[in-house]
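The values are calculated or read from the model by the stated rules, or taken from the named source; none is laboratory data. Note that the structure is predicted; figures quoted are calculated from it, not measured. Cβ placement follows ideal geometry from the backbone for every residue including glycine, while neighbour counts extend to all protein chains displayed. Side chains included, ligands, DNA and RNA excluded: accessible areas come from the protein's heavy atoms. Shrake-Rupley method; radii C 1.70, N 1.55, O 1.52, S 1.80 Å.
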Amino acid sequence: DTGVSQNPRHKITKRGQNVTFRCDPISEHNRLYWYRQTLGQGPEFLTYFQNEAQLEKSRLLSDRFSAERPKGSFSTLEIQRTEQGDSAMYLCASSLGGNQETQYFGPGTRLLVL
Amino acid sequence: GQQVMQIPQYQHVQEGEDFTTYCNSSTTLSNIQWYKQRPGGHPVFLIQLVKSGEVKKQKRLTFQFGEAKKNSSLHITATQTTDVGTYFCAGQILGFGNEKLTFGTGTRLTIIP
């Protein structure tokens with residue numbers, strides 16, 4: 001499968017715990033995006049990488065959230081001290097990086113914070 | 001900030017009937033993209049519209065981009081059960097170094113067989 005992959009697909013955690021999600025973009029794609037989707041809503045932008053550089057972070061991304069893409073390939077999104085409001089689907093997307101390129105989404109990681 | 005609104009939020013149609021969803025942006029867009037998300041799935045890219053007034057067709061699906069590049073529509077002719085899902089529009093504003101998508105709220109389509 002040469003699409004965007006995400007792991008784990010599902011995560012249940014207790015409030016206060018830390019969680020980390022991984023995204024493997026389509027190879028050769030140098031742009032990688034993280035979005036969050038809650039029930040009944042469209043995906044909301046969280047942050048974006050051009051290769052290994054994190055170029056923008058949404059105001060939705062509190063200090064408890066951190067994302068990395070150390071080698072410009074896979075990316076990780078960590079949430080520290082999880083809260084019940086963090087429960088959502090976390091989606092990763094990648095694109096080649098040219099002008100007006102299509103973003104291809106992964107299957108998402110569904111997080112439930114108890 | 002940029003907002004993208006979509007109507008209706010829900011649409012229930014009999015199989016064979018037509019379906020339309022409308023998308024409106026608070027700001028002029030560089031392009032608009034449409035995605036389909038099946039229940040329990042992730043957004044899957046359908047199409048991208050770039051030019052003012054552009055119309056594109058994919059079999060029973062017709063996509064339009066408004067002249068002012070602030071609104072768009074998706075029309076499905078003669079719906080089938082495979083069309084079930086939530087349809088999202090997503091706008092992009094280029095030129096600021098970030099090609100993030102701003103998604104609409106989606107229109108959830110259900111088909112009555």
Restricting segment A:69-94 to residues that are closer than 15 Å to A:Val19 by Cβ and part of a loop (DSSP other than H, G, I, E, B), the one least open to solvent (accessible area, probe 1.4 Å) turns out to be A:Thr82
Given the options B:Gln33, B:Gln64, name the one that is touching a residue at least 60 places away in the same chain (Cβ under 8 Å), part of a strand (DSSP E or B) and surrounded by 15 or more Cβ atoms within 10 Å (Cβ to Cβ).
B:Gln33
Which condition number in (1) without any contact (Cβ under 8 Å) to a residue 60 or more places away in the chain; (2) closer than 30 Å to A:Gln50 by Cβ is the one that B:Ser73 fails?
(2)
Scanning segment B:70-84 for residues that are surrounded by fewer than 22 Cβ atoms within 10 Å (Cβ to Cβ) and under 18 Å from B:Ser26 (Cβ atoms) gives B:Lys70, B:Asn71, B:Ser73
Which one is farthest from B:Gly16 (Cα to Cα), of the residues in segment B:65-106 that are touching an Asp or Glu at 6+ places or on another chain (Cβ under 7 Å) and of a type in the set (S, T, N, Q)?
B:Asn98
Extreme residue, most open to solvent (accessible area, probe 1.4 Å), among residues of segment B:12-30 that are part of a strand (DSSP E or B) and touching a Lys or Arg at 6+ places or on another chain (Cβ under 7 Å)
B:Asn24
Output the number of the condition that B:Val55 fails; it satisfies all remaining conditions of (1) surrounded by fewer than 21 Cβ atoms within 10 Å (Cβ to Cβ); (2) among the hydrophobic types (A, V, I, L, M, F, W, C); (3) within 14 Å of another protein chain (Cβ to nearest Cβ).
(3)
Given the criteria buried (at least 17 other Cβ atoms within 10 Å of the Cβ) and of a type in the set (S, T, N, Q), does B:Gln48 qualify?
yes
Go through segment B:85-113 and report how many residues are loosely packed, with under 15 Cβ neighbours inside 10 Å and of a type in the set (A, V, I, L, M, F, W, C).
3
Considering segment B:15-51 alone, what residues qualify as being farther than 16 Å from B:Phe63 by Cα and more than 10 Å from every other protein chain (Cβ to nearest Cβ)?
B:Glu15, B:Gly16, B:Glu17, B:Ser26, B:Thr27, B:Thr28, B:Arg38, B:Pro39
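Identify all residues within segment A:91-114 that are hydroxyl-bearing (Ser, Thr, Tyr), within 16 Å of the chain's Cα centre (by Cα) and within 11 Å of chain B (Cβ to nearest Cβ); write none if there are none. It would help to see each step written out before you state the result.
Quick first cut of segment A:91-114, residues hydroxyl-bearing (Ser, Thr, Tyr) only: A:94-95, A:102, A:104, A:109.
From what's left, within 16 Å of the chain's Cα centre (by Cα): A:94-95, A:104, A:109.
Passing the criteria: A:Ser95, A:Tyr104, A:Thr109.
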